[in-house]
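**Q** Here you go, one structure.
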Amino acid sequence: MNFELTEEQKKFRSDIRSFLEEEVPPEHQAVFGVESEEDYRFGRSIQRKLADNGWLTIGWPTEYGGGPKGPIEQSIFSEAMGYGRVPRTGTTALNIVGPAVMYFGTPEQKEKYLPPIARAEAEYCQGFSEPNAGSDLGSLEFRAVRDGDENVLNGSKMFTSWAFRAQYIYLLARTDPDAPKHRGISLFIADVKTPGISFRPLPYINGSMAAQTYFDDARIPSSALIGEENRGWYHAMATLDFERSGLERYASVQRTFDDFVELCKTTKYNGKLLSENPIARHKLAKIKVGMEIWRLLCWKVAWMQSTGAVPNAEASVAFLHGTVQRLEFTQTAMEILGLYGTLMHDPKWSLMRGAIEGIHRESMHLHGAGTTEIHRNIIAQRGLGLPR
Amino acid sequence: MDLGLSEQQEMLSRAAREFLEAECPTTLVRELEDSDGGYSPELWRKMADLGWLGQAFPGQYGGSDGTLIDQVALFEEIGRAILPSPILTSTVLCGQTILYGGNEDQKAALLPLISRGDTIVTLALAEADAGFDGGDISVMATADGGDYVINGTKLFVPYAHVADYLLCVARTSGADSLFLIDSKTAGVNITLLHSVAKYKQHEVALQNVRVPRTNMVGQLDQGRGPLGKAVDWATVVQCGEIVGRCQKVLDLVVDYSKVRVQFGRPIGSFQAVLHQCADLRVAVDGARLVTYQAAWKLVEGRPCSEDIAMAKAFAGSASRQATAVGHGIFAGIAFTVEHDMQLYMMRSKIQEANLGDSDFHLDNLGGYMGFPT
């Protein structure tokens, strides 16, 4: 048993941390997401620098421009990005589309799609959820119909994050309506400029702008099919396993927690430091424990991946705990701040530049990569073998 | 990074599980509740033969040179079997205190006896107004010639009635010192406390108990040094025992949910049930990781006070959750004495409170985080 990184890994961690510390000063850090055009551009510029240093795709296989490293280095990278609060861009491309193309794409597709992702030039959005297919994604209705060399797409996708920044949408479509529901779905990459694709703005409560996406006889070349026709569901599930640790999300919350603890030690209210309130002290100690559990559960996933194991229930364990833990932290912090917690970016009176109020909104994201109920189902059914 | 047990540790765990499944079924646990000793001397002998009672002692003292990680792995199995025995107090708490604080003669004399199971030592620390979690010790030891004379009352002393020695924390001139008291010494009065799970813990009244100065463990007034280290060690071991019991409760609940049919389906197919199982799995996985992290840091000689506090605080909450989920899902049948769930629930309270409960450790953690008291 060993909870420590190797010397070489520690060196990598310290290199990446100092790089990010220097390149991402506090005024550029994304405390709870990427809100403005400026944030986005800045995030992309950092990613290009990371790509130049060979770090952006460190977890990718070498033949696709990755480092000769594994899941541990990938996790160190993710943790550093989160703790450095680097504005997140290109994550769908790097963590989901890239691996899918590597595993299931043709040589031509790899040539076309992978280099721009690795250079942080391409941005993707994801077209999985639909108005009537959320947790029950397998029942999706979106259609792709083969017509000569093309597929004709019709239907609507929901929660298209990054829609207004993406060049491509990575989507699931039903290609065989007569097959059992998971066996008639295929994966495609569509250029968002394809005639027939339109977006309705769908602003999120965390400040970022998503869309509902409509496809009205949008024609895409059949070369945009990724993997085998009607195997798209299984391809998509397999590529979800690429980056499962969730360390980036953990670390960004840990950073805000650390800042908040510091704030409590230096901020007086009613003539006393917030940290002198025994109830706050007790609650924050409890949050610290929960945060450490979160870190360990994430690293367990990373470690399992490094041994070649495929964490499944374990990834849901880490994800579920994290989601619940983040909400507990933000609600506790808001309680401790009282009315100060209602201030957003007020230049005069807000504490931590409104970070707690912001992360409190962000923590309502209780549904990422599956709702908490879906993660509980995965843990119980796949991890504990309970009946469906 | 390697977050798994070694092959050898896995083997130890498997062997311990098989042994305890055969030797310590819950029928025995129930029998022992009603016995005077509260443990099985026959099983105790076998535990000694397996090397469990000197697991972490150096080979020169009859031990197996095991690490704290090995010991946590063993205690996961002990917790799983809810094995009733004085192993935690004798081997771990007292054994480690003697190892850290005893002189060569004491170590050479006592540790081999403890590891062979021939001698049981128990820690007499808590009092009516003091415990693991603070308070001033009121039991006094007064020098008198070559002896010390000890007066006062200790509480919550486990297995005192079968112990050969009490390792007693007593106030000396300015601070606390440790004394080995032969339990047969005149003036030692042991009374069983009426406790959950019929746990064999006692009031120990000490009236003019005379011990030779050579029975002092560690330096005068410096007993808290070795004792503190042993308590740290034992707290991690206690967490391992809790994790093992919680895992067992989860396993029992999951097995039951697969076969118990209501409304025409196994209850485990109802999300209200399976979500509780999933949440408990998260808690048990988390408690296990944070416990082994504390063990690993202690083994590596790194600062680990924070880690121990986090481990015991979280193991305590996982333990309460296991009790709630277990009783909630087994429901009516678990309210009967003949069902085993109550055995796990009763012991949870002992283990949660022992060596400081969650609130105590969270308060310590607040201090480590730099919050003023």
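The values are calculated or read from the model by the stated rules, or taken from the named source; none is laboratory data. Keep in mind that this is a model prediction, so the values were computed, not measured. Please note: Cβ atoms are built from the backbone with ideal geometry, for glycine as well, and neighbour counts cover all protein chains shown. The area values use the complete protein model at the heavy-atom level, side chains included, leaving out ligands, DNA and RNA. Shrake-Rupley method; radii C 1.70, N 1.55, O 1.52, S 1.80 Å.
**Q** Going by alpha carbons, how many degrees (0 to 90, nearest 10) lie between the helix axis of A:313-337 and the longest principal axis of chain A?
**A** 40
**Q** What residues from the stretch A:177-191 fall in the zone where the backbone N is under 15 Å from a label point 7 Å along the Cα-to-C-beta line of A:ALA238?
**A** A:183, A:185-188
**Q** Can you list the residues of the stretch A:342-386 that have at least 40 square angstrom less accessible area with all protein chains present than in their chain by itself, probe 1.4 Å?
**A** A:ARG376, A:ASN377, A:LEU384, A:LEU386
**Q** Taking Cα atoms of the stretch B:308-363, Rg/Rh with Kirkwood Rh, to two decimals?
**A** The Rg/Rh ratio comes out at 1.07.
**Q** Could I ask something else about it? Report the gain in length on full extension from A:ASP258 to A:GLU8: 0.36 nm times residue separation, minus Cα-Cα distance, nm rounded to one decimal.
**A** 87.3 nm
**Q** Within the P(r) computed for chain B, what percentage of the Cα pairs occupies the region above 41 Å? Can you show the working numbers first?
**A** On the way: 8261 of 69378 pairs.
When every Cα pair of chain B is considered, 12 percent fall beyond 41 Å.
**Q** Can you tell me the FRET efficiency between A:HIS182 and A:ALA309 if r is taken as the Cβ-Cβ distance and R0 is 25 Å, rounded to the nearest 0.05? Present the calculation step by step, with values, prior to reporting the outcome.
**A** Working: r = 24 Å, r/R0 = 0.97.
Efficiency computed from Cβ-Cβ geometry: 0.55.
**Q** Provide the descending list of Cα extents for the stretch A:247-383 along its principal axes, expressed in whole angstroms.
**A** Taking the Cα atoms of the stretch A:247-383, the three principal extents are 54, 23, 22 Å.
**Q** Given a Förster radius of 56 Å and the C-beta distance between A:GLU35 and B:GLU18 as r, what FRET efficiency does 1/(1 + (r/R0)^6) yield to the nearest 0.05? Write out the running numbers ahead of the final one.
**A** Details: r = 58 Å, r/R0 = 1.04.
After rounding, the FRET efficiency stands at 0.45.
**Q** Continuing with the same structure: Please give the solvent-accessible surface of B:ASP136 in Å², to the nearest 10, using a probe radius of 1.4 Å with every protein chain present.
**A** So the heavy atoms of B:ASP136 present about 120 Å² to solvent.
**Q** So how strong a dipole does the protein assembly as shown carry about its Cα centre when Lys and Arg Cβ are +1 and Asp and Glu Cβ are -1, to the nearest 20 debye?
**A** Details: 74 positive and 93 negative charges, 198 e Å.
Dipole of the protein assembly as shown, to the nearest 20 debye: 940 debye.
**Q** Considering only DSSP states other than H, G, I, E and B, which chymotrypsin sites (Phe, Trp or Tyr not before Pro) in the stretch A:299-388 qualify as loop sites with at most 11 other Cβ atoms within 10 Å?
**A** Working: sites: A:TRP299, A:TRP303, A:PHE319, A:PHE329, A:TYR340, A:TRP349; in loops: A:TRP349.
Qualifying residues, ordered by number: A:TRP349.
**Q** Give the long-range amide H neighbours of A:LEU56: residues separated by 5 or more places, or on another chain, with amide H under 5 Å away, using H modelled in the peptide plane at 1.01 Å from N.
**A** A:ALA51
**Q** Same structure, new question: Per the 1.4 Å probe, what fraction of the accessible area of chain B, in percent, lies on carbon and sulfur atoms?
**A** Numbers: 7400 of 14490 Å².
Carbon-and-sulfur percentage of accessible area, whole number: 51.
**Q** Roughly speaking, what is the centre-to-centre gap between the stretch A:288-306 and the stretch A:336-373 when only Cα atoms are used, to the nearest Å?
**A** A separation of 24 Å, based on Cα centres.
**Q** Follow-up question, since we're still on this one. Just the Cα atoms of the stretch A:21-105: what Rg and Dmax do they give in Å?
**A** Radius of gyration, then largest Cα-Cα span, for the stretch A:21-105: 13.2, 40 Å.
**Q** With only Lys, Arg, Asp and Glu charged, each at its Cβ (+1 for the first two, -1 for the last two), find how big the charge dipole of the stretch B:122-217 is about the Cα centre; round to the nearest 20 debye. Can you show the working numbers first?
**A** Values: 7 positive and 10 negative charges, 57 e Å.
The calculation lands at about 280 debye.
**Q** Would you please state the base-10 log of I(q)/I(0) at q = 0.14 1/Å for the stretch B:122-217, with intensities from the Debye formula using one equal scatterer on every alpha carbon?
**A** The calculated log intensity ratios at q = 0.14 Å⁻¹ are -0.45.
**Q** For a quick check: with amide H placed at 1.01 Å from N, whose amide H comes under 5 Å from A:ALA210's, ignoring anything fewer than 5 positions away on the same chain?
**A** The answer is A:LEU202, A:TYR204.
**Q** Further question: Which value, in Å² rounded to 10, gives the accessible area of B:THR142 with a 1.4 Å probe and all protein chains present?
**A** For B:THR142, solvent-accessible area is about 80 Å².
**Q** Hey, another quick one. Which value, in debye to the nearest 20, describes the size of the charge dipole of chain B about its Cα centre when Lys and Arg Cβ atoms bear +1, Asp and Glu Cβ atoms bear -1, and nothing else is charged?
**A** That gives chain B a dipole magnitude of about 500 debye.
**Q** Follow-up. At 222 nm, what helix-only mean residue ellipticity would the protein assembly as shown give, in deg cm²/dmol to the nearest 500, using -39500 (n - 2.57) for each DSSP H run of four or more?
**A** Details: 22 runs with 344 residues, N = 761.
Value at 222 nm, helices only, nearest 500: -15000 deg cm²/dmol.
**Q** Let me ask you something else. Straight-line reach from B:LYS312: which lysines have Cα under 22 Å away, leaving out those fewer than 8 places along the same chain?
**A** Leaving aside lysines fewer than 8 places away in the same chain, those within reach of B:LYS312 are A:LYS283, A:LYS286, A:LYS288, A:LYS300, B:LYS229, B:LYS248, B:LYS297, B:LYS349.
**Q** Give the separation of the Cα centroids, the stretch B:77-132 to the stretch B:20-38, in Å.
**A** 21
**Q** In peptide B:284-297, how many Cβ atoms from other protein chains are near each Cβ within 10 Å, on average?
**A** Mean shielding by partner chains, rounded to a whole number: 4.
**Q** Let me ask something additional. Under a 1.4 Å probe, what is the accessible area of the stretch A:1-134 per residue, stated in Å²? Don't skip to the end; give the middle numbers.
**A** Details: 5770 Å² over 134 residues.
Dividing the accessible area of the stretch A:1-134 by its residue count gives 43 Å².
**Q** How many Å² of accessible surface get buried when B and A come together, counting both sides, probe radius 1.4 Å, rounded to the nearest 100? Please list the in-between numbers first.
**A** Working: alone 16610 and 18950 Å², together 31260 Å².
In total, this chain pair buries about 4300 Å².
**Q** Largest first, what is the accessible-area ranking of A:HIS375, A:HIS365, A:HIS360 with a 1.4 Å probe? Could you put the intermediate results ahead of the total?
**A** Values: A:HIS375 5, A:HIS365 70, A:HIS360 45 Å².
Ranking A:HIS375, A:HIS365, A:HIS360 by accessible area, largest first, yields A:HIS365, A:HIS360, A:HIS375.
**Q** Per 20 Å bin, what is the whole-percent P(r) computed from every C-alpha pair distance within chain A?
**A** Using 20 Å bins, I get a P(r) of 26, 58, 15, 1 for chain A.
**Q** Okay, which of the stretch A:32-68 sit inside 20 Å, backbone N to the point 7 Å along the Cα-Cβ direction of A:ALA369?
**A** The answer is A:32-34, A:56-61, whose backbone nitrogens lie closer than 20 Å to the label point.
**Q** A further question follows. Checking buried surface per residue: for the stretch B:357-373, which residues lose a minimum of 20 Å² accessible area in the protein assembly relative to the chain alone (1.4 Å probe)?
**A** B:ASP359, B:LEU362, B:ASP363, B:LEU365, B:MET369, B:PHE371, B:PRO372
**Q** Here's another thing I want to ask about it. Using 0.36 nm per residue of separation minus the Cα-Cα distance, give me the extension gain between A:ASN230 and A:ILE205 in nm, one decimal. Before the final figure, lay out each step's value.
**A** Details: separation 25, 0.36 × 25 = 9.00 nm, distance 3.53 nm.
5.5 nm is the gain from fully extending A:ASN230 to A:ILE205.
**Q** Here's a follow-up. Per 5 Å bin, what percent of the C-alpha pairs of the stretch B:224-368 does each bin hold, from zero upward?
**A** Bins of 5 Å from zero give 2, 10, 19, 20, 16, 12, 9, 6, 4, 2, 1, 0, 0 percent of pairs.
**Q** Stokes-Einstein diffusion coefficient for the protein assembly as shown at 25 °C in a medium of 0.890 mPa s, Rh from the Kirkwood formula over Cα pairs: what value in µm²/s?
**A** Values: Rh = 28.8 Å.
Approximately 85 µm²/s, per Stokes-Einstein.
**Q** Same structure again: Can you list the residues in the stretch B:299-324 whose accessible area drops by at least 10 Å² when all protein chains are present, compared with the chain alone? Use a 1.4 Å probe, heavy atoms only.
**A** B:ARG302, B:GLU306, B:MET310, B:PHE314
**Q** Which residue fluctuates the most in chain B, going by a Gaussian network model with Cα springs under 10 Å, if the choices are B:MET346, B:MET11, B:MET140?
**A** Judging by the Gaussian network model, the answer is B:MET11.
**Q** Moving on. Please go through the stretch A:308-362 and write out the trypsin sites (Lys or Arg not before Pro) that DSSP classes as loop and that have at most 14 other C-beta atoms within 10 Å. Don't skip to the answer; put the middle values down first.
**A** Values: sites: A:ARG326, A:LYS348, A:ARG353, A:ARG361; in loops: A:LYS348.
Hits after loop and neighbour filter: A:LYS348.
**Q** Run the numbers for B:ASP221 and B:MET140: contour at 0.36 nm per residue of separation, minus the present Cα-Cα distance, in nm.
**A** Working: separation 81, 0.36 × 81 = 29.16 nm, distance 1.18 nm.
Length gained, B:ASP221 through B:MET140: 28.0 nm.
**Q** Quick one: how many Å² of A:ARG382 are accessible to a 1.4 Å probe, rounded to 10?
**A** Answer for A:ARG382: close to 130 Å² accessible.
**Q** What is the average number of partner chain Cβ atoms found within 10 Å of a Cβ in B:256-265? Mind showing how you got there, number by number?
**A** Details: counts 0, 5, 4, 1, 0, 0, 0, 0, 0, 1.
The per-residue average across the peptide is 1.
**Q** At 7 Å along the Cα-to-beta-carbon direction for both B:SER35 and A:ARG382, put a label point, then send me their distance in nm to one decimal.
**A** Those two pseudo-labels are separated by 4.6 nm.
**Q** I would also like to ask the following. Heavy atoms only, probe 1.4 Å: what % of the accessible area of the stretch A:124-230 goes to carbon and sulfur, would you let me know?
**A** Values: 2370 of 4760 Å².
C and S fraction of accessible area: 50 percent.
**Q** On to the next question. Could you tell me what fraction of 2.2 N^0.38 Å the Cα radius of gyration of the stretch B:22-172 comes to, as a two-decimal ratio? All intermediate terms of the calculation are to be shown ahead of the outcome.
**A** Numbers: Rg = 16.4 Å, N = 151, 2.2 N^0.38 = 14.8 Å.
Output field value: 1.10.
**Q** Between A:SER198 and A:SER45, how high is the FRET efficiency from 1/(1 + (r/R0)^6) when r is the Cβ-Cβ distance and R₀ = 41 Å? Nearest 0.05.
**A** Values: r = 30 Å, r/R0 = 0.72.
In this case the efficiency is close to 0.90.
**Q** Here is a follow-up. Consider all pairwise Cα distances in the stretch A:124-230 and report the whole-number % of them above 21 Å. Can you show the working numbers first?
**A** Details: 1619 of 5671 pairs.
That tail contains 29 percent of the Cα-Cα pairs.
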